[in-house]
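The values are calculated or read from the model by the stated rules, or taken from the named source; none is laboratory data. Just so it is clear, the model here is predicted, and its values are computed rather than measured. Heads up, the Cβs are rebuilt from the backbone with ideal geometry, glycines too, and the neighbour counts pull from every protein chain shown.
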Amino acid sequence: MRIVDLFAGCGGLSKGFQNAGFQIVAAFEFWNKAAECYALNFSHPVFTTDLSNIEEAVGKIQDLQPNIIIGGPPCQDFSHAGKRVEGSRAGLTEAYAEIVRAVRPKYFVMENVDRARNSCAFREAHAVFKQLGYGLTMMVLDASRCGVPQKRKRFFCIGEMGGADDFLRERLLAGQSSKDMTLRDYFGAALDFEFYYRHPRNYCRRAVYSIDEPAPTMRGVNRPVPKGYPGHPNDACPVDENVRALTTLERSLIQTFPADYHWCGSKTDMEQMIGNAVPVKLGEYVARTLKNYIERKNVVYKQPVELTFQFAETGFRQDFSEWLVEKMRLARRTAGDMASRVKRAHSIRLMDAGEETVLYLHRLSQCPEFRNLSPSVRSQIKRAVALYDEYLRATSYDRAEVPPRYGSHCS
Ligand SMILES: C[S@@+](CC[C@H](N)C(=O)[O-])C[C@H]1O[C@@H](n2cnc3c(N)ncnc32)[C@H](O)[C@@H]1O
């Protein structure tokens, strides 16, 4: 799959897609400082191009024959109320849609701020996508549930040519963590501070945060604690000499860029690029989910029929516990417990033909009977099902051959 990244900035979204195993063939960005930074970190070309010149952009992009277009058009100019008072940069969302119209990739991923979905610009882009025949998944994702220690809500519109609407929704929901990631969760013992200052938009808002909560959204500006900062009742602690603003590098790490990412330009430029970026791990989360979906669609099933019967009759492979003892070195009794837990899971909700474990677990966790179990029993069952999945993979058994629904399902 060949990917082109539009409005690529310093490369947060590209890095996420690359980490997920996609091949980026080129990026387009018109701010030369960001393009320089991008070029330091990737081997494919980055074109310094004004994407509002659609005709010129399309000519270059078509030559690259991408199957996927990704990108986050600038977001500063969206109105809240959806009235047509949006600034010129909102028009770049429409430019993105026009580029998709001309290139017609199999998939596209468009990222933007939460409020973009109610904008006139997005409404027009949406009409273009539907007219072209794309199935759309439109969702707001919170980065702190997708492996990023930061509260950052971003709107994603993901299109599949000829696909169904919501084709990716359940997968995107299923893979998210049930709790926000804190700085301590992400950095462990590597942090040498407990509290830090993030300059607020105005003093009606708090400014001091603890590492035991997700960071607030990293914006494009970073200021030191001003003399005479009045404090706020919701600050995590009072400001004293130990409380400082984050460094530029720390902010890039909270945006989940790797520590060896290369940065260039003035401090102001770097802060802007970092604040603009899609957190790498958020991009990676979306990319992995899309990749699993695409791979799943392309799987050719070739499993022996007798295994299918075995599963169909028992709902469960009998040699699972043997495998746990031999390969996973579990005590026989623990292996027996694991097998019972998988059976318990199947008694609550059976697995559909070809259903992936991540989706199975998500659907299982919606079942009232499962929700009524204690948290520790739920997590034991989930662990056992995950091991069962490993076992199926290790023994190259493919559930896609299992006849659909051979018992009761919770709805
Ligand atoms: C939200 S940022 C994208 C961040 C990027 N996706 C990342 O993850 O690092 C939007 C980018 O669009 C660029 N941009 C703004 N107007 C543009 C235009 N007319 N043509 C091309 N790029 C433009 C900005 O310079 C900015 O880097």
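Among the residues of the range 25-44, those that are among the aliphatic types (A, V, I, L, M) and out of contact with any Asp or Glu (no Cβ under 6 Å at 6 or more places or on another chain) comprise Val25, Ala26, Ala34, Ala39, Leu40. Of the residues that sit in the range 231-269 and are touching a residue at least 24 places away in the same chain (Cβ under 8 Å) and of a type in the set (A, V, I, L, M), which one is surrounded by the most Cβ atoms within 10 Å (Cβ to Cβ)? In this case the residue turns out to be Ile254. Of the helices (runs of 4 or more DSSP H) entirely within the range 269-332, those holding at least 2 residues that are closer than 30 Å to Met181 by Cα and either touching a Ser or Thr at 6+ places or on another chain (Cβ under 9 Å) or modelled with pLDDT of 80 or more (or both) occupy 280-298. Taken over the range 235-256, the criterion of being part of a helix (DSSP H, G or I), of a type in the set (S, T, N, Q) and either modelled with pLDDT under 95 or under 23 Å from the mean Cα position of the chain (by Cα) (or both) is satisfied by Ser252 alone. Within the range 4-37, the residues that satisfy the criterion of being closer than 19 Å to Ile68 by Cα, touching a Ser or Thr at 6+ places or on another chain (Cβ under 8 Å) and more than 8 Å from the ligand (Cβ to nearest atom) are Ile24, Ala27.
Residue by residue, here is whether (1) surrounded by fewer than 20 Cβ atoms within 10 Å (Cβ to Cβ); (2) at pLDDT 95 or above; (3) more than 9 Å from the ligand (Cβ to nearest atom); (4) not in a helix (DSSP H, G or I) holds:
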site: Ile61; (1), (2), (3), (4): no, yes, yes, no
site: Ile69; (1), (2), (3), (4): no, yes, yes, yes
site: Asp77; (1), (2), (3), (4): yes, no, yes, yes
site: His80; (1), (2), (3), (4): yes, no, yes, yes
site: Arg84; (1), (2), (3), (4): yes, no, yes, yes
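For the range 38-53, how many residues are surrounded by fewer than 17 Cβ atoms within 10 Å (Cβ to Cβ), of a type outside the set (Asp, Glu) and within 12 Å of the ligand (Cβ to nearest atom)? Residues that pass the stated criteria total 3.
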